[in-house]
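Colleague: Would you mind keeping the following structure in view while I ask a few things?
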Amino acid sequence: MTTSAENLIDIHAHFVTDRYIEAARSAGHHHPDGMKTWPRWDAAEHLRLMDRHGIRTAVLSLSSPGAHFGDHEAARLLSREVNEYGAGVRRRYPGRFGHFACLPLPDVAGSLNELAYCLDVLGSDGVAVMTNTHGVYLGDPRYEPLWSELDRRQAVVFVHPTSPPCAEAVDLARPRPMLEFIFDSARTVSDLVFAGVFSRHPAIQWVFTHGGGALPLLADRMELFRTVFSGTDPADDTYPSVQEQISRSWFDMAGTPFPHQIPTLAGSFGTDRILYGSDYCWTPGAGVGSQIVSLQTAEQPSPDTWRTLTTRNAERLMPQFARKLPAQCRGR
C-alpha cells in the first residue's frame, strides 16, 4: 500500500480511439513502427491499473505515428477529433487523467490553431509532438513560429519518439521502439541544440522520454563537436554548453529504467527533472507492473524514494496535479 505522498504521476501514458486506428491503417500503418498490432485502450481498465500500482494521475497523449499521414486538412480534422476525446477523458475523471494535445505537424499554421484551441478552450495540459514528422526534425526553421508561441505560453512540450526516415533500411526488420526510438530522441535533441531552439526559447518546458534515450552517452560527444570541431570557445558563456542546454529539460523513465538507464541519466543531468512514465497502453499492464517493481526495488535516491522524487518533480512541472483528489475520484 502506498501513501498519498508516494502516489505516482505518470507523465507518459497513451490512448487510442477506434477512429484514429482506422485512419492510421488506411494510411498504411497496419504494423505501427514495426509492432505486431495496435493496442486497445479503455479508461476504466486504465484506472484499475493505476489504482493497482498507486498511480494518482496519468497524462494521456497520442503516440507514434501521430496524426499526420500526408494531408494537412485530414491531419487537422483527426487531431481535433482525438484532442476532443482526450480532453473529454480529462474532464470526466478530474485529477486522474491529464492531456497533452496532438498537433498536426509539419503543418505549422494548423498546429498554431490547434494548440490555441486545446490550451485555451479544452484545458489541455500541454502539447505532444513527435521527434520528427515525415523527416522534418524539431530544429527545422519552419517550426520557429510554433516554438515562439509555446515559449510565450511557457508550455509543456512532450516529445515522443517515432521512426526515423527510411527506417526500413536500418531497423533490420525489428520493432523500431526497441532501438530506433531511442536514437531518434537523441537526434531531435541534437537538432534543437545546434539549431539554437533551446537557447532562443528557454521558457518551453521540454519533456523527453525513455530516460533521454541515448543522450546521456552522447552529450559529451556533442559538446566535443560544438567546441573542438566548430571552433567555439568553451569558456564563452554566450554559447551555453550542450550539457547546460539539455539539463534544462525533463526526462521520463518509461521503458527499462533500472538497473542501468536512470542511474546513468541521473549521473549526467541530476535527478531534479526525472519523471515517472509508464508508456501504457503501448506497454501492456504486465510490463507496467514489472517496471514499477524495478522502480521500487532499485537503490533509492536517498533521502527520497523514486516514487516520491518523481512525483515531487511532476508537481513542480505541472502544479495543477499537486492538489488532493476529490473524494469521489479515489479508489475507482
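Colleague: Being surrounded by fewer than 17 Cβ atoms within 10 Å (Cβ to Cβ) and of a type in the set (A, V, I, L, M) narrows it down to one residue among Ala219, Ala286; which is it? Walk me through it before giving the result.
Modeller: Values: Ala219 fails: surrounded by fewer than 17 Cβ atoms within 10 Å (Cβ to Cβ).
Within the list Ala219, Ala286, the selection yields Ala286.
Colleague: I would also like to ask the following. Mind checking which residues of segment 243-288 are farther than 30 Å from Thr227 by Cα and over 20 Å from the mean Cα position of the chain (by Cα)?
Modeller: Answer for segment 243-288, where residues must be farther than 30 Å from Thr227 by Cα and over 20 Å from the mean Cα position of the chain (by Cα): Pro259, Ala286.
Colleague: Can I ask one more? Quick one: is Ser290 modelled with pLDDT under 95 and of a type in the set (Ser, Thr, Tyr)? Outline the logic, then answer.
Modeller: On the way: modelled with pLDDT under 95: no; of a type in the set (Ser, Thr, Tyr): yes.
So Ser290 does not fit the description; no.
Colleague: In addition: Just one of Asp140, Asp125 is modelled with pLDDT of 95 or more and surrounded by fewer than 24 Cβ atoms within 10 Å (Cβ to Cβ); which is it? Write out each step before concluding.
Modeller: Numbers: Asp125 fails: surrounded by fewer than 24 Cβ atoms within 10 Å (Cβ to Cβ).
Among Asp140, Asp125, only Asp140 is modelled with pLDDT of 95 or more and surrounded by fewer than 24 Cβ atoms within 10 Å (Cβ to Cβ).
Colleague: Of Leu295, Leu265, Leu275, which residue is within 21 Å of His160 (Cβ to Cβ), in contact with an Asp or Glu (Cβ under 7 Å, 6 or more places away or on another chain) and not in a loop (DSSP other than H, G, I, E, B)? Outline the logic, then answer.
Modeller: Values: Leu295 fails: in contact with an Asp or Glu (Cβ under 7 Å, 6 or more places away or on another chain); Leu265 fails: in contact with an Asp or Glu (Cβ under 7 Å, 6 or more places away or on another chain).
It is Leu275.
Colleague: Mind counting the residues in segment 90-102 that are in a helix (DSSP H, G or I) and crowded, with 19+ Cβ neighbours inside 10 Å?
Modeller: The first filter runs over segment 90-102 and keeps only residues in a helix (DSSP H, G or I), leaving 90-92.
Still in the list and also crowded, with 19+ Cβ neighbours inside 10 Å: 90.
Selection size over segment 90-102: 1.
Colleague: Sticking with this one: Only one residue in Ala74, Ala5 is modelled with pLDDT under 95, more than 13 Å from Cys281 (Cβ to Cβ), out of contact with any Leu (no Cβ under 6 Å at 6 or more places or on another chain) and surrounded by fewer than 17 Cβ atoms within 10 Å (Cβ to Cβ). Which one? First the steps, then the outcome.
Modeller: On the way: Ala74 fails: modelled with pLDDT under 95.
Answer to the check: Ala5.
Colleague: Of the residues that sit in segment 143-164 and are within 23 Å of Lys36 (Cβ to Cβ) and not hydroxyl-bearing (Ser, Thr, Tyr), which one is surrounded by the fewest Cβ atoms within 10 Å (Cβ to Cβ)?
Modeller: Going residue by residue through segment 143-164, those that are within 23 Å of Lys36 (Cβ to Cβ) are 160-164.
So of that shortlist, the ones also not hydroxyl-bearing (Ser, Thr, Tyr) come out as 160-161, 164.
Working: His160: 25, Pro161: 26, Pro164: 20.
Out of the qualifying residues, it is Pro164.
Colleague: Another question, then. Of all helices (runs of 4 or more DSSP H) completely enclosed by segment 103-219, which ones contain at least 1 residues that are free of Cβ contacts under 8 Å to residues at least 24 places away in the same chain, of a type outside the set (Phe, Trp, Tyr) and in contact with a Leu (Cβ under 7 Å, 6 or more places away or on another chain)? Reasoning before the result, please.
Modeller: Values: elements: 108-117, 144-153, 180-194, 197-200.
Hits in segment 103-219: none.
Colleague: I'm trying to understand the selection: among the residues of segment 1-60, which are part of a loop (DSSP other than H, G, I, E, B), touching a residue at least 12 places away in the same chain (Cβ under 8 Å), under 25 Å from Val129 (Cβ atoms) and among the hydroxyl-bearing types (Ser, Thr, Tyr)?
Modeller: Residue satisfying the conditions is Thr17 alone.
Colleague: Please determine, by comparing only the residues of segment 237-262 that are among the hydroxyl-bearing types (Ser, Thr, Tyr) and either in a helix (DSSP H, G or I) or free of Cβ contacts under 8 Å to residues at least 12 places away in the same chain (or both), which one is surrounded by the most Cβ atoms within 10 Å (Cβ to Cβ). Step through it out loud before you land on a result.
Modeller: If we filter segment 237-262 for residues that are among the hydroxyl-bearing types (Ser, Thr, Tyr), which is where we start, we get 238-239, 241, 247, 249, 256.
The next check asks that each one be either in a helix (DSSP H, G or I) or free of Cβ contacts under 8 Å to residues at least 12 places away in the same chain (or both); those that pass are 238, 247.
Working: Thr238: 7, Ser247: 16.
Filtering first and then ranking leaves Ser247.
Colleague: Could you grab me the full set of residues in segment 298-316 that are in contact (Cβ under 8 Å) with a residue 60 or more places away in the chain, part of a helix (DSSP H, G or I) and crowded, with 17+ Cβ neighbours inside 10 Å?
Modeller: Kept after step one, since they are in contact (Cβ under 8 Å) with a residue 60 or more places away in the chain, are these residues of segment 298-316: 305, 307-308, 310-311, 313-315.
Okay, now just the ones that are also part of a helix (DSSP H, G or I), so 307-308, 310-311, 313-315.
Of everything in segment 298-316, those that are in contact (Cβ under 8 Å) with a residue 60 or more places away in the chain, part of a helix (DSSP H, G or I) and crowded, with 17+ Cβ neighbours inside 10 Å turn out to be Arg307, Thr308, Thr310, Thr311, Asn313, Ala314.
The values are calculated or read from the model by the stated rules, or taken from the named source; none is laboratory data. All values reported here derive from a predicted model rather than from experimental measurement. As a convention, Cβ positions derive from the backbone with ideal geometry for all residues, glycine included, and neighbour counts pool all protein chains shown.
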